[in-house]
Amino acid sequence: MKKFLLVAAIGIALASTQAHASSRLRELCKDHPLTGDQWCNAYMAGVAHGLIVGEHFWGRGETCVPNNVDGEQARVMLNAFMTQHPDVLNEPDAAIAARALLQGFGCQPPSRY
C-alpha cells in the first residue's frame, strides 16, 4: 500500500508539471525494456487518480475512469491515443494524458473537446 501511495504521489506531482514537451512525453512513454516503463506508468496512474479526485470533489461525484485503473493500462491508452491523434501533441502533457484516458474509457469529455 505504501508503494502504491508513493507511486501515485509521484505521478500526481509529475502530472501537475508542464515542463516536458509532448515529444518528450511520447519518448518517455514508449516501451522501454530496461526501465519497465515505471516513470510513465507512475505518471499515468497520477493523471488517472487526479481525474477521479477532481470529479469527486468538483464534478458530479462520479467518474467513468475506474478506481482500480493501473499505470500500465493507462500508458497503453496514452500511446494509442498519441498515435491516433498526432494533432494534439502540441497540447500540455497532462491534457493529452487526460484526454487519452477519457477517450480510452469512453468518458464524455468536457464540452471544450
Test: residue in region 75-92 that is under 13 Å from the mean Cα position of the chain (by Cα), of a type in the set (Gly, Ala, Ser) and modelled with pLDDT of 90 or more: yes
Selected residue (criterion: modelled with the lowest pLDDT) from residues of region 50-70 that are open to solvent by less than 80 Å² (accessible area, probe 1.4 Å) and farther than 14 Å from Phe105 by Cα: Gly61
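The values are calculated or read from the model by the stated rules, or taken from the named source; none is laboratory data. Note that the structure is a prediction, hence the values are computed from the model and not measured. These accessible areas exclude ligands, DNA and RNA; they are computed on the full protein's heavy atoms, side chains included. Shrake-Rupley method; radii C 1.70, N 1.55, O 1.52, S 1.80 Å.
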